[in-house]
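The values are calculated or read from the model by the stated rules, or taken from the named source; none is laboratory data. Here the structure is a predicted model, which means the values were calculated and not measured. A quick note on method: Cβ atoms are made from the backbone with ideal geometry, for glycine too, and the neighbour counts reach across all protein chains shown. Just so you know, the surface numbers come from the protein's heavy atoms only, side chains and all, with ligands and any DNA or RNA stripped out. Shrake-Rupley method; radii C 1.70, N 1.55, O 1.52, S 1.80 Å.
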Amino acid sequence: MILFAAATLVACNQEVKEGTGGQSSGRIVYVNTDTLLNNYDLYKEVVKEFQNRQFALENELQKKSESFQNEVALFQRRIQAGGMTQQQAETTQQQLQKKEQDILMYRDNAAQGLATDQAQRTDEILTKIQDYLEKYNADDRYDMVIGYSKGGGVLYAKSNLEITQEVLKGLNEEYADSKDGDDTAEADSTSAE
């Protein structure tokens, strides 16, 4: 009876260690995506870049809007003062309507362009993370690296399965090296001129 229990325990342990098809099962680890993104230097720079672009766009639209409002106010004062003929008033009103439509179209196109650029940069960041994880796992230690975030699909994971800090350190080092390479290349190209 004891021998049967020992044989069953060994068989169960082998089943746990082997995945489907007889392949040995590796560990599943996770990266805290919130921590990773909030501390990944490339991501922080991209967020700052888009905040600056958004701020500049809002300022530009504010100036265009104020200029337009001033033109409308001037137009209304001229009409009230009787300084325009009916024909001039109609022509000016049409021009103002066109200008308003142009401002709205510019706003929509600029916002769409910003959103498209942001989606493209986000995709680039995710690709860099995935590429790094492939290099990080070149020795096939893990079968899967999952993303964890509070309120996400993973409700619990043991902290010893978290590799966030290791991945973050590697990503930031890789990014710093690529920036140093870009700076060196720029310096070389300017000195060659």
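Details
- Scanning region 136-180 for residues that are within 14 Å of Leu37 (Cα to Cα) and polar (S, T, N, Q) yields a count of 4.
Residues are listed down the side, and each one gets a yes or a no for (1) of a type in the set (Gly, Ala, Ser); (2) closer than 30 Å to Gly147 by Cα; (3) modelled with pLDDT under 95; (4) outside any helix (DSSP H, G or I):
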position	(1), (2), (3), (4)
Leu9	no, no, yes, no
Lys44	no, yes, no, no
Val47	no, yes, no, no
Lys63	no, no, no, no
Glu66	no, no, no, no
Asn70	no, no, no, no
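To keep it simple, each residue is scored yes or no on (1) more than 30 Å from Tyr43 (Cβ to Cβ); (2) within 43 Å of the chain's Cα centre (by Cα); (3) outside any helix (DSSP H, G or I).
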| position | (1), (2), (3) |
| --- | --- |
| Met84 | yes, no, yes |
| Gln88 | yes, no, no |
| Thr92 | yes, no, no |
| Leu96 | yes, yes, no |
| Ile103 | yes, yes, no |
| Ala111 | no, yes, no |
| Arg121 | no, yes, no |
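- Taken together, the criteria place Arg53 among residues that are among the basic types (Lys, Arg), over 22 Å from Val167 (Cα atoms) and either touching a residue at least 12 places away in the same chain (Cβ under 8 Å) or not in a helix (DSSP H, G or I) (or both).
- When region 144-162 is filtered for residues that are under 11 Å from Ile28 (Cβ atoms) and over 19 Å from the mean Cα position of the chain (by Cα), the ones remaining, listed by number, are Met144, Val145, Val154, Ala157, Lys158, Leu161.
- Scanning region 39-88 for residues that are touching a helix residue (DSSP H, G or I) at 6+ places or on another chain (Cβ under 6 Å), under 24 Å from Glu174 (Cβ atoms) and of a type in the set (A, V, I, L, M) returns Leu42, Val46.
- Restricting attention to region 135-158, the residues being open to solvent by 90 Å² or more (accessible area, probe 1.4 Å) and without any contact (Cβ under 8 Å) to a residue 60 or more places away in the chain number 5.
- Filter pass, Leu104 being of a type in the set (A, V, I, L, M, F, W, C), open to solvent by less than 80 Å² (accessible area, probe 1.4 Å) and either under 23 Å from Lys48 (Cα atoms) or in contact with a helix residue (DSSP H, G or I) (Cβ under 7 Å, 6 or more places away or on another chain) (or both): no
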